[in-house]
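Okay, so here's the structure we're looking at.
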Amino acid sequence: MKKLTKEQKRQAAVIAAKTDADIDLSDAREVVDWSGAEIGKFYRPPKKPVTMRLDIDIIKWLKSHGRGYQTRVNALLRHAMNSRWAARHDDEALRQKAQAAYDGLHAKRASGSIKRIHSDKLRARMKDDSRASARVRLR
């Protein structure tokens, strides 16, 4: 995020000093119909760092799909949580929403996976080349 200029800081201070009664909303339309609103569309829950002990084969499997394995763990846990809650409360809409979110994450990941595979191979090749040149210099 860019730093604010002095003028922007001054404008922000003027706005922050106003009370709710001083703000003129006469030109803003009043929203009466909220039927098309999507709940939680832009909401991202806060993250909390945790330490978990997972089996090695699980970590290898998660990392084998490319970068973002922690995001994948979060999506898998959220999917399990929503599915279990939906099953307990017979909420088919939530179950479908959880499945769509899970599928959407994998579709988004798959689109960039080819690029990541090629960049990972290139990075590994460069690392091998640098190791070989370092061995040559040491001799």
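The values are calculated or read from the model by the stated rules, or taken from the named source; none is laboratory data. As the structure is a computational prediction, the values presented were derived from the model and not from experiment. Positions of Cβ are backbone-derived with ideal geometry, glycine not excepted, and every protein chain shown enters the neighbour counts. Accessible surface areas use protein heavy atoms only, side chains included; no ligands, DNA or RNA. Shrake-Rupley method; radii C 1.70, N 1.55, O 1.52, S 1.80 Å.
Condition first: aliphatic (A, V, I, L, M), modelled with pLDDT of 85 or more, open to solvent by 90 Å² or more (accessible area, probe 1.4 Å) and in a loop (DSSP other than H, G, I, E, B). Now tell me which residues in the stretch 1-57 satisfy that.
Passing the criteria: Leu4, Val50, Met52.
Just to check your reading of the model, which residue among Asp129, Asp103 is open to solvent by 70 Å² or more (accessible area, probe 1.4 Å), assigned to a helix (DSSP H, G or I) and at pLDDT 70 or above?
Only one candidate passes the filter, namely Asp103.
List pairs: first residue in the stretch 70-92 and open to solvent by less than 40 Å² (accessible area, probe 1.4 Å), second residue in a helix (DSSP H, G or I) and at pLDDT 75 or above anywhere in the structure, Cβ distance under 6 angstrom, at least six positions apart or on different chains.
Listed by first residue and then by second, the contacts come to Arg72/Leu62.
Which of the residues spanning the stretch 58-69 are open to solvent by 100 Å² or more (accessible area, probe 1.4 Å) and in contact with a helix residue (DSSP H, G or I) (Cβ under 7 Å, 6 or more places away or on another chain)?
Lys63, Arg67
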